Amino acid sequence: MFSIIQAAGWPIWPLIACSIAALALIIERFLSLRTRRVVPPQLLDEALAVSRHALPPPEVVNQLEQNCALGEVLASGLRALASDPRSSEAQLRAVMEASGRAVAHRLERYLSALGTIASAAPLLGLLGTVIGMIEIFGSQAPGGATGGNPAQLAHGISIALYNTAFGLIVAIPALMFWRYFRARVDGYLLSMELASERFVRHLNTLRT
């Protein structure tokens, strides 16, 4: 591996940094976007059950908020109704939508960075290719003589090929995971929107 890095020259180092950053972001997103941390399947039914006849006590609301992202949105509606029992359905919906936007921002965190790496890695590989081409042309003897420097010529070719390949090796998985996480976040946001709409209609029945 070290021999490949040596053959690829200094342009490979930004690509190595991008690969490390992409791997760290992918691992972090896998851990943060687990279903039980965002939209547990039974949470809405549990929230409806504990507030079926009256608003739950504050400690239950706090526990709901700390449970997951969906719980945070549902808890915001419960708190809004507890602070103003005459809140209209539109007001409750506005409060929950504001909480949902904050949650959506957190779910989308680091996705733009991963997308940037997916876009920048091929360009960094292209930069290495150009530098390799410069090495190749520099290996030619001045004055148009043939032959040139074979070692420098081989070094230029290795820089060009290794950087092109490594740029694609970094970009392709980063792009695939970016699209995967983007679709996963969109699915979570849709589920949260549907659950919130159902919950706000439920809260409307508890208004005094």
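Structure data summary
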{"item": "Identity of the residue in the stretch 162-187, among the aromatic types (Phe, Trp, Tyr) and at pLDDT below 95, that ends up farthest from Ser32 (Cα to Cα)", "result": "Tyr162"}
{"item": "Test: residue in the stretch 59-68 that is β-branched (Val, Ile, Thr) and either without any contact (Cβ under 8 Å) to a residue 40 or more places away in the chain or closer than 30 Å to His202 by Cα (or both)", "result": "yes"}
{"item": "Set Ser99, Ser83: member being of a type outside the set (A, V, I, L, M), surrounded by 14 or more Cβ atoms within 10 Å (Cβ to Cβ) and farther than 11 Å from Leu203 by Cα", "result": "Ser99"}
{"item": "Subset of the stretch 71-90 (residues that are part of a helix (DSSP H, G or I) and in contact with a helix residue (DSSP H, G or I) (Cβ under 7 Å, 6 or more places away or on another chain))", "result": "Gly71, Glu72, Val73, Leu74, Ala75, Ser76, Gly77, Leu78, Arg79, Ala80, Leu81, Glu89"}
{"item": "Some residue of the stretch 15-32 being in contact with a Phe, Trp or Tyr (Cβ under 7 Å, 6 or more places away or on another chain), touching a residue at least 40 places away in the same chain (Cβ under 8 Å) and within 30 Å of Ala151 (Cα to Cα)", "result": "yes"}
{"item": "The one condition in (1) over 16 Å from Arg198 (Cα atoms); (2) charged (D, E, K, R); (3) within 27 Å of the chain's Cα centre (by Cα) that Glu72 fails to fulfil", "result": "(1)"}
{"item": "In the stretch 156-178, residue surrounded by the fewest Cβ atoms within 10 Å (Cβ to Cβ) [restricted to those that are out of contact with any Ser or Thr (no Cβ under 8 Å at 6 or more places or on another chain) and either hydroxyl-bearing (Ser, Thr, Tyr) or more than 30 Å from Leu114 (Cα to Cα) (or both)]", "result": "Ser158"}
{"item": "Lone unmet requirement of (1) exposed (fewer than 15 other Cβ atoms within 10 Å of the Cβ); (2) closer than 20 Å to Arg201 by Cα; (3) of a type in the set (Gly, Ala, Ser); (4) touching a residue at least 12 places away in the same chain (Cβ under 8 Å) for Ser119", "result": "(2)"}
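The values are calculated or read from the model by the stated rules, or taken from the named source; none is laboratory data. Just so it is clear, the structure is predicted and the values come from calculations on it, not from any experiment. Because the Cβ atoms are built from the backbone with ideal geometry, glycine has one as well, and the counts that use them run over all protein chains shown.
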